[in-house]
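So the structure is just underneath, and the comments pick up after that.
FYI, it's all coordinate maths here, none of it is from the lab. Because the structure is a prediction, the values reported are computed rather than measured. Here the Cβ is made from the backbone with ideal geometry for all residues, glycine too, and neighbour counts use every protein chain on show.
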């Protein structure tokens, strides 16, 4: 089994004000909780795809056929962004001034863009990473050094003598510990991407704050929505069920209280970090 690249998806809450403006037509989204994957299988029933919803709304209001595809922006190490493409029909531009911050960010923009962005050959290409998931890049080419799991339980024995004891078990569960070493700081703390030398070192554009562990930590720690992890990809995509995957949550309250319980600096001179993420496994099929 080859240890490959991972993508961690966290829940995104769409409000009644979230919309996209294409050629002067404003397309509103249906409020709800979505994930920034591109699945239509069983997992999409419980964890709906924001991209599938967006393209369906565009087709319903504007017409044509729309898809979202994974994209590696210019000079990026990872295929971490998306391309919005109209495959049937044609469109000219997206008015970012009338497009909500969340929609801008999940399409691979900063959330602060104004004015029109033109479609090129029928596509709107993200210039930043796409918000809604985290896939780290490191000196190990983004691969974890370990992804081990183990069992734990809450139990009590009626006696300290095992030959005579009866066990009472309240909970058994499987834990996953993911260890990523020498992760570039801009993939950990989002403010580091505002510094040119650190963004360049990380292989991303200046001010790209969309693909940082801080985003996952902030959202999950507030609402404890499930995280979906697609493991061991050769190149990062937007699929989950094509890969071995799991549904997880942070393993402890302490992890949600301070990021330094997860991330610590590994080396001063090059802004490299080590992350040790402990998850509780709620479902999925990952073998390790």
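How much of the DSSP bridge set in the chain is antiparallel, in percent, rounded to the nearest 5? List each step's numbers first, then the result.
Details: 60 of 61 bridges.
In the chain, DSSP labels about 100 percent of beta bridges as antiparallel.
Find how many whole Å separate the alpha carbon centroid of the stretch 208-254 from the alpha carbon centroid of the stretch 159-198.
Centre-to-centre distance over Cα atoms comes out at 13 Å.
Calculated from DSSP H runs of 4 or more alone, at -39500 (n - 2.57) each and per residue, what is the 222 nm mean residue ellipticity of the chain, nearest 500?
Numbers: 6 runs with 46 residues, N = 288.
When only DSSP H runs of four or more count, the value is -4000 deg cm²/dmol.
Using the alpha carbons of the stretch 224-288, what is the convex hull volume per residue in cubic angstrom, as a whole number?
Values: hull volume 8.0 nm³, N = 65.
Considering the Cα atoms of the stretch 224-288, their hull volume per residue is 123 Å³.
Would you calculate the separation in nanometres between label points at residue 165 and residue 77, each defined as 7 Å from the Cα along the Cα-to-beta-carbon direction?
4.7
Roughly how large, in nm² to one decimal, is the mean projection of the convex hull of the alpha-carbon atoms in the stretch 149-284? Kindly include the intermediate steps, with their values, before the conclusion.
On the way: hull surface 44.7 nm².
Across all orientations, the stretch 149-284 yields a mean hull projection of 11.2 nm².
Calculate, for residue 97 and residue 123, the FRET efficiency according to 1/(1 + (r/R0)^6) with r their C-beta to C-beta distance and R0 22 Å; round to the nearest 0.05.
Numbers: r = 21 Å, r/R0 = 0.93.
Given R0 = 22 Å and the Cβ-Cβ separation, E is 0.60.
In what sequence, highest mean first, do 111-121, 243-253, 201-211 appear when ranked by Cβ atoms within 10 angstrom? Please list the in-between numbers first.
On the way: 111-121: 12.9, 243-253: 18.2, 201-211: 21.9.
Answer by packing, highest mean first, reads 201-211, 243-253, 111-121.
I need the shape label for the stretch 11-133. Rule: rounded when a/c is under 1.5, else prolate if a/b > b/c, else oblate, with a, b, c from the alpha carbon gyration tensor.
Details: a/c = 1.29, a/b = 1.10, b/c = 1.18.
Verdict is rounded for the stretch 11-133.
Expressed as cubic angstrom per residue, what is the convex hull volume of the alpha carbon set of the stretch 95-224?
Numbers: hull volume 22.7 nm³, N = 130.
It is 175 Å³ per residue.
Over the stretch 92-245, what is the relative contact order in whole percent, taking alpha-carbon pairs under 8 Å and six or more residues apart? Display every interim value, and only then the final one.
Details: 249 pairs, mean separation 29.4, N = 154.
That works out to 19 percent.
Report the dimensions of the stretch 193-268 along its three principal axes from the alpha-carbon atoms, largest first, rounded to Å.
35, 32, 22
Inverting the mean 1/r over all pairs of different Cα atoms, compute the Kirkwood radius of the stretch 120-180 and quote it in Å. Please report the intermediate quantities before stating the final value.
Numbers: mean 1/r = 0.0598 Å⁻¹.
Hydrodynamic radius (Kirkwood, Cα only) of the stretch 120-180 equals 16.7 Å.
Once you keep just the Cα pairs under 8 angstrom separated by 6 or more residues, what percentage relative contact order results for the stretch 38-164?
Relative contact order here is 18 percent.
Return a whole-number percent for the relative contact order of the chain, with Cα pairs under 8 Å and 6 or more residues apart as the contact set. Don't skip to the end; give the middle numbers.
On the way: 701 pairs, mean separation 56.9, N = 288.
Normalised by residue count, the contact order of the chain is 20 percent.
Using the alpha carbons of the chain, what is the convex hull volume per residue in cubic angstrom, as a whole number? Show your work: numbers first, answer last.
Working: hull volume 42.5 nm³, N = 288.
Convex hull volume per residue, Cα atoms: 147 Å³.
Evaluate E = 1/(1 + (r/R0)^6) for residue 270 and residue 148, where r is the Cβ-Cβ distance and R0 equals 30 Å; express this FRET efficiency to the nearest 0.05.
Working: r = 27 Å, r/R0 = 0.90.
FRET efficiency, residue 270 to residue 148: 0.65.
What is the angle, in °, between the Cα long axis of helix 213-223 and the longest principal axis of the Cα atoms in the chain? Nearest 10 is fine, range 0 to 90.
70
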